[in-house]
Amino acid sequence: MEDVLEHILYPAGISNRYRGYPYFLMAVELAAEDLSRLSNIQKEIYLPIALHFHTNPINVERDIRTIRDVIMRNGGPELLKELTGGCYRRSEQPYPTELIEIFARYYKKRRKVLA
């Protein structure tokens, strides 16, 4: 999965140097497995990530917001428009849940193409 997303994230300034990088990758993977998890993100995405990385859900959410902020500073609106096939038109920052969903849907599409 990291290979699929890495070529998108790295040009946007996101790499392993951010604590939230593995959290974001795992969040995308969990959401891609079952998009309904996004409706209860605290319990079904942030909590499992927190348990896996021995931290708490508040840290997970904060670090994913940092990932979002860096993406948005580095061409985020254009990137999100590209990932959604031109459907992303919002000018303000997406919520972390929205960002995770966009990447999860993109990942699912890429995974089908590569299969």
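The values are calculated or read from the model by the stated rules, or taken from the named source; none is laboratory data. All figures in this text were calculated on a predicted structure; none of them were measured in a lab. Here Cβ is always computed from backbone atoms with ideal geometry, including for glycine, and neighbour counts include all displayed protein chains. Ligands, DNA and RNA are excluded from the accessible area calculation, which covers all protein heavy atoms including side chains. Shrake-Rupley method; radii C 1.70, N 1.55, O 1.52, S 1.80 Å.
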Candidate set: segment 12-55, residues that are acidic (Asp, Glu) and surrounded by 15 or more Cβ atoms within 10 Å (Cβ to Cβ); chosen: the one nearest to LEU83 (Cα to Cα): GLU29
Considering residues that are free of Cβ contacts under 8 Å to residues at least 40 places away in the same chain and either touching an Asp or Glu at 6+ places or on another chain (Cβ under 9 Å) or within 11 Å of TYR23 (Cα to Cα) (or both), the number found within segment 35-46 is 5
For segment 81-94, how many residues meet the condition of being under 12 Å from ASP69 (Cβ atoms) and surrounded by fewer than 15 Cβ atoms within 10 Å (Cβ to Cβ)? 0
How many residues does segment 56-71 contain that are open to solvent by 70 Å² or more (accessible area, probe 1.4 Å) and either under 11 Å from the mean Cα position of the chain (by Cα) or modelled with pLDDT under 95 (or both)? 1
Pick from ALA50, ALA32: which is without any contact (Cβ under 8 Å) to a residue 12 or more places away in the chain and either in contact with a Pro (Cβ under 9 Å, 6 or more places away or on another chain) or part of a helix (DSSP H, G or I) (or both)? ALA50
